[in-house]
Amino acid sequence: MNGPIIILAAAALAAFGARWVLKRRRRAKLLAAPLANAHRRILSARMPLYRKLPADLRARLDGLINRFLDEVTFHGLEGVEMSDDIRVTIAAQASMLIVNKPNRWFNALRTIHVYPAAFKSRLTKINGHVHSERDETRSGESWAKGPVILAWDHAAYGAFIPHDGRNVVMHEFAHQLDEQTGVTDGSPLLDADHSASQWARVFRDAYERLRRDAARRQPHVLDAYGATNPAEFFAVATEVFFEQPHALRAQEAALYGELAQYYRLDPAAWG
Ligand SMILES: [Zn+2]
């Protein structure tokens, strides 16, 4: 390598390093900052869970919402005019999943597309060389290494009604976490102190119980949609973990314990 090339390479490396440092500093500042008053007012009106959170978790959630709004792009579709109301309500629910997991982020996520209401899925499935268009009505979608797509009316309802066990934003973002292993199979990345064999055993047993109850049309704390496959089971269990923690703990204590360890949270203690 000759002199000028070495100098150019060093300059490029220095510029990259400086950008990286600035980005880290900006992120740290956002994470430490309280939520803007206008954003706090949105959550006070739209998300009862926000008010119920212990103060230390609410402070962390504020920081995560700040980062989320800074790093994720929101696009309105079919007439949705993007607003802080929509952005903050979605960012807060998504950030709940990682509120006590300081090293976890939705790494693949750059964009959220928001429809006004349930939408026709335009997901293209590749089966061998055949691309088949699915034509289903959905309230949300999570694409591996890609965007999350949400129906705003369902996302708003999920924030406002905290105890019905349904939350489309938490559902789709549970898929985002699950996808971080490279395979969406209901086995997200576990912390080093979390036993993978115990997680697998507890989830398999609880999944089989739900499948059995769903087949017999027996009532179960988890929606029968969770019996579709292990990935949907994890997403549905996440919704109920946050929205009906007492019922989940009463009916599926071991599953509640695994989710409490995974999310490092105990929603049943939030009053
Ligand atoms: Zn799903």
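The values are calculated or read from the model by the stated rules, or taken from the named source; none is laboratory data. Computed from a predicted structure; not experimentally measured. Here Cβ is always computed from backbone atoms with ideal geometry, including for glycine, and neighbour counts include all displayed protein chains. All accessible areas refer to the heavy atoms of the entire protein, side chains included, with ligands and DNA or RNA removed. Shrake-Rupley method; radii C 1.70, N 1.55, O 1.52, S 1.80 Å.
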With every protein chain kept in place and a 1.4 Å probe, the chain has an accessible area per residue in Å² of 52 Å²
I'd like the carbon and sulfur percentage of the solvent accessible area for the chain, probe radius 1.4 Å, heavy atoms only, ligands and nucleic acids excluded. 55 percent
Does segment 158-258 come out rounded, prolate or oblate by the C-alpha gyration tensor, with a ≥ b ≥ c the root eigenvalues, rounded set by a/c under 1.5 and, if not, prolate when a/b is larger than b/c and oblate if not? rounded
From the protein chains alone at 1.4 Å, what is the descending order of accessible area for Y225, Y256, largest first? Y225, Y256
Only helices counted: for the chain, with every DSSP H run of 4 or more residues adding -39500 (n - 2.57) and the sum spread over all residues, [θ] at 222 nm is -17500 deg cm²/dmol
T73 versus D56, label points 7 Å from Cα toward the beta carbon: distance in nm? 3.8 nm
Quick check of the Kirkwood formula: for the chain, what is the inverse mean of 1/r over all pairs of different Cα atoms, in Å? 20.0 Å
Extension gain (nm, one decimal) between S121 and A269, 0.36 nm per residue minus Cα-Cα: 49.5 nm
Under 23 Å between alpha carbons: how many lysine pairs meet that in segment 21-162, if sequence neighbours fewer than 8 apart on the same chain are excluded? 7
With the crude spin-label approximation of a point 7 Å out along Cα→Cβ, what separation in nm comes out for V21 versus T228? 4.8 nm
If one takes the longest principal axis of the Cα atoms in the chain, at what angle in degrees, from 0 to 90 and to the nearest 10, does the Cα axis of helix 230-243 lie? 90 degrees
At 7 Å along the Cα-to-beta-carbon direction for both A192 and F160, put a label point, then send me their distance in nm to one decimal. 4.6 nm
Could you give each residue of segment 200-206 its phi-based ³J(HN,Hα) in whole Hz, using Karplus coefficients 6.51, -1.76, 1.60 with θ = phi - 60°, and x for Gly or Pro? 4, 5, 4, 5, 4, 5, 5
Could you size up the charge dipole of the chain around its Cα centre, putting +1 on the beta carbon of Lys and Arg and -1 on that of Asp and Glu, and report it in debye to the nearest 20? 800 debye
